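See below for the structure under consideration.
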Amino acid sequence: MIPFNMMFVRLSSSYFFYFALLGLISPYLAIFLDGQGFNSRQVGEILAIMTATKIVAPSLWATFADKSARPLFIIRLGALLALVSFSLLYWFSQYWPITFCLALFTLFWTAILPQLEVHTLNSTKHSSKIYARIRLWGSLGFIVLAVVAGEAISRLGYQVFTSLGVIILAGLFISTLLLTPKKGVKLNKGKANAPEPIVNKLIDGRFISFFIAGLLLQISFAPYYGFFALFLRDFDYSGVAVGLFIALGAVAEIVAFIYMGSLFKRFSLNSLLVFSLAITALRWFLMPVVADSGLWLAINQLSHAASFAIYHSASMKFISSHFTKSQQSRGQGVYLGGVYGVGGAVGAYITGLLWLGGEGASNAFIMAGTSALLGAIIMIFSKK
């Protein structure tokens, strides 16, 4: 049996590299695309197409994982193919070839997280406290790359984006090779080939409310995930400052992840979800108001603890308890595909239309705040 601390290190390193890549792509992909000469609408379209692959891909990968009972194989295959497809950016500079490369990359990248989440929850015996401490290493990876990439792009130009991505993906692939299967879990072959249906779980009223609220939250994140670095650049913040502001949100995440065990003991899941959505709505409404003040912008960024860490942990706990053991991969796939796929794609497309080269940034954040507020209202009236 592998010692727990070794298991912890291996799982944490995979989260570190996975979210380090997110720390590169989420803030700086728009800057890379802007450097290629694409306008706001085209950037929004590319982000929407990339995100749209998450609508179907996670469920397809999850079904394959449930039937094959080989989640680690899916994780490793996804990491390898994501590395290969991202590397193609070295050879392309036109709109459709770049769009194809990024969509292909996302198709394979989405295979990783749902299976990694299931593998981690099973390995930690669904301990919220241990999961949160492993997951915070993902936030650390995000912080490191947000700061490093901001400075690297500022000094070396947008072209360094591709090399940074390839290095991180190589690290992610190597880390997945070190993961080991959970011992002592024997799957019935017949059940693996005929997984338990999840339709009844999907049409449950509380799951529907939870799903719609999550979708609205992801729509609201589109201006932040896709255009925040461009937004700050328009306010003449340096590359380091942009990275530090983004990293500050991730630091707030880490603190929240550390204390999630205590929060779960004191508050209900519904209360945590409503709180996260309401704080997120306030955050987006304030963003264009405080952006020209470094101090107030930093304070506003601290709300990322609620926007992401608290909501994400509560969501994972909800899915873990809502679906049976044999439904976990598909439950994760439906949630990530629908919420992150549909919500992210719709949000990215709308933001691309509203942004107008930065002139419509305020309208984009007002749209985001309204979307998160609607999600909070839905969860307030959902079945407890």
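The values are calculated or read from the model by the stated rules, or taken from the named source; none is laboratory data. Remember, predicted model here, so these are calculated numbers, not experimental data. Cβ placement follows ideal geometry from the backbone for every residue including glycine, while neighbour counts extend to all protein chains displayed. Just the protein is used for accessible areas: all its heavy atoms, side chains included, with ligands, DNA and RNA removed. Shrake-Rupley method; radii C 1.70, N 1.55, O 1.52, S 1.80 Å.
For the reader, a short list of remarks on this structure follows.
- Within segment 317-358, being at pLDDT 90 or above and either hydrophobic (A, V, I, L, M, F, W, C) or not in a helix (DSSP H, G or I) (or both) holds for 346, 348, 350, 353, 354, 355.
- At least 3 residues being over 24 Å from residue 154 (Cβ atoms) is the threshold, and among the helices (runs of 4 or more DSSP H) wholly inside segment 228-309 those reaching it are 239-258, 260-266, 269-290.
- Residue match in segment 110-121 (condition: open to solvent by 30 Å² or more (accessible area, probe 1.4 Å), of a type outside the set (Gly, Ala, Ser) and in contact (Cβ under 8 Å) with a residue 40 or more places away in the chain): no
- Of all residue pairs spaced 6 or more apart or on separate chains, those with beta-carbon atoms under 9 Å, a first member in segment 154-168 that is outside the structural domain of residue 236 (by the TED database) and under 10 Å from residue 21 (Cβ atoms) and a second member that is surrounded by fewer than 18 Cβ atoms within 10 Å (Cβ to Cβ) and among the hydrophobic types (A, V, I, L, M, F, W, C) are 164/148.
- Members of segment 46-65 found to be surrounded by fewer than 20 Cβ atoms within 10 Å (Cβ to Cβ), more than 15 Å from residue 344 (Cβ to Cβ) and in contact (Cβ under 8 Å) with a residue 12 or more places away in the chain, listed by number: 60, 63
- Top-ranked residue in segment 207-241 [being modelled with pLDDT of 90 or more and β-branched (Val, Ile, Thr); ranked as surrounded by the fewest Cβ atoms within 10 Å (Cβ to Cβ)]: 212
- Counted residues, segment 33-45 - those being assigned to a helix (DSSP H, G or I) and surrounded by fewer than 24 Cβ atoms within 10 Å (Cβ to Cβ): 5
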